1. Between a first residue in the range 37-65 that is in contact (Cβ under 8 Å) with a residue 24 or more places away in the chain and at positive phi and a second residue that is crowded, with 22+ Cβ neighbours inside 10 Å and in a loop (DSSP other than H, G, I, E, B), which pairs have beta carbons less than 7 Å apart while being 6 or more apart in sequence or on different chains?
2. Tell me yes or no: at least one residue of the range 97-113 is touching a helix residue (DSSP H, G or I) at 6+ places or on another chain (Cβ under 9 Å), modelled with pLDDT of 65 or more and either surrounded by 13 or more Cβ atoms within 10 Å (Cβ to Cβ) or closer than 26 Å to residue 6 by Cα (or both).
3. When you go through 54, 83, 32 one by one, which is the residue that is within 20 Å of residue 8 (Cβ to Cβ), at pLDDT below 90 and out of contact with any helix residue (DSSP H, G or I) (no Cβ under 8 Å at 6 or more places or on another chain)?
4. Name the helices (runs of 4 or more DSSP H) wholly within the range 1-85 that hold at least 3 residues that are over 22 Å from residue 98 (Cβ atoms) and under 11 Å from the mean Cα position of the chain (by Cα)?
5. When you scan the range 57-75, how many residues do you find that are buried (at least 18 other Cβ atoms within 10 Å of the Cβ) and either at pLDDT 95 or above or out of contact with any helix residue (DSSP H, G or I) (no Cβ under 6 Å at 6 or more places or on another chain) (or both)?
6. Of the numbered conditions (1) buried (at least 16 other Cβ atoms within 10 Å of the Cβ); (2) in contact (Cβ under 8 Å) with a residue 40 or more places away in the chain; (3) out of contact with any strand residue (DSSP E or B) (no Cβ under 8 Å at 6 or more places or on another chain), residue 78 fails exactly one; give the number of that condition.
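The values are calculated or read from the model by the stated rules, or taken from the named source; none is laboratory data. As the structure is a computational prediction, the values presented were derived from the model and not from experiment. Note that we place each Cβ from the backbone using ideal geometry, even for glycine, and neighbour counts take in every protein chain shown.
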C-alpha cells in the first residue's frame, strides 16, 4: 500500500453532525462496514450496523424500531458492544434485490462541489467462494 487513506474520519464528522441535528438512530452498512463491523460501529459511535445484505435487514430494523419490537431476529445487526445476534444472511440471487434509486446520484453529481458518490460495481459471492 503505497498511499493508504483512512476514510472514516469524514464519516465520523457526518455522524457527529447528524447526532447534533437529530435523535434518530444512526445505522451503518455497506461493503466497508461489513469488512470491520464492530470496529467501525465503535469508532463512528453509531447506534446500529448491518453486516451483509441490507436490503432485507434494514427494512426489518426500521419496522422493529417503529413498533418497539425485539431486534434479535434481524440478521447481521450489530449494536454497540455486541456482535450480531443473528448471523448475516446472504442472498443467493442478487438479481431479486431492488436496485437503488438512481435520481440521488444525478442530483449529487450536478451540484457545484466535488461529488462524493459511493457506487458499488460488484458484490461478494454468496456461495462462500474465496
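1. From the range 37-65, the pairs are 52/76.
2. yes
3. It is 54.
4. Of the helices (runs of 4 or more DSSP H) lying wholly inside the range 1-85, those with at least 3 residues that are over 22 Å from residue 98 (Cβ atoms) and under 11 Å from the mean Cα position of the chain (by Cα) span 37-44.
5. The number of residues fulfilling the criteria is 2.
6. Condition not satisfied by residue 78: (3).
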